[in-house]
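Values quoted throughout were computed directly from the atomic coordinates according to the rules given, and no laboratory measurement underlies them. Just so it is clear, the structure is predicted and the values come from calculations on it, not from any experiment. Cβ sites come from the backbone with ideal geometry, for glycine too, and all protein chains shown count toward neighbours.
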Amino acid sequence: MTDSRIPGAPDNDLTSTATLLGWVRGGETQALDELFGRYIPPLHRWATGRLPRWARDITDTHDLVQETVLQTFKRIGRFEPRGEGALQAYLRQALMNRIRSEFRHKGRRPAIDELDSRVEDPGTSPIEAAIGQETLGHFEGALARLRPVEREIIISRVELELTYQEIADVFGRPSMDAARKAVVRALGRLADEMTRLRE
């Protein structure tokens, strides 16, 4: 590119993600830079505020986010945006997959069902698919009202899909059954808070 702007974009901030993705597929490096600038900061904020402490301790959050986004954008040719927020959801899921992989790679527990990072995400996270977009707001609000350990246990089980044994190892529970009971209690508190938010 000879122009300092991305082709056809009077203002980079107004350029749609779909347009940028098209330019990236065509080899425009400035479009890739624009996507990095647009998606890394919010993904980093989300990861820092969302991930359990044990997940943040596995590796530096900033590096993990950057590496995940870089690896995802290397395969961006296979991604088809399905509406506003699809790429952000896709990147969040890629980050969750990476954290699962890091967790298991660090040897906390041998991975029996290792995730394949080459599998494309459908654009919604498992939690979004399970509860729907409208209820997701209630879920997020209720989650924020829980004690940190309850929130971390729920995210570990529901979003990171750790087994009860892995949760027992991470949270220092004496057995899988104790971990399962902790998850059930935390989910019960979450349900109570979601009910209060709907009233």
Item checked: Residue-wise HN-Hα coupling along the stretch 168-176, computed from phi with Karplus coefficients 6.51, -1.76, 1.60 (Hz; x: Gly, Pro) -> 4, 5, 5, 9, x, 7, x, 7, 4
Item checked: Label-to-label distance, nm, for residues given as Thr163 and Val184 (7 Å Cα→Cβ offset) -> 2.0
Check: Hey, what do the phi angles of the stretch 36-44 turn into as Karplus ³J(HN,Hα) couplings, whole Hz, using 6.51/-1.76/1.60 and θ = phi - 60°, x for Gly and Pro?
Finding: 4, x, 7, 9, 5, x, x, 5, 5
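Would you please give the FRET efficiency between Thr29 and Asp60, computed as 1/(1 + (r/R0)^6) with r the Cβ-Cβ distance and R0 = 35 Å, to the nearest 0.05?
Numbers: r = 26 Å, r/R0 = 0.73.
The computed FRET efficiency comes out at 0.85.
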Check: Among Lys181, Lys74, which comes first, then next, by fewest other beta-carbon atoms within 10 Å?
Finding: Lys74, Lys181
Notebook entry, point to check: Could you give the length gained on full extension between Ile76 and Thr48, defined as 0.36 nm per residue of separation minus the Cα-Cα distance, in nm?
Noted result: 7.7 nm
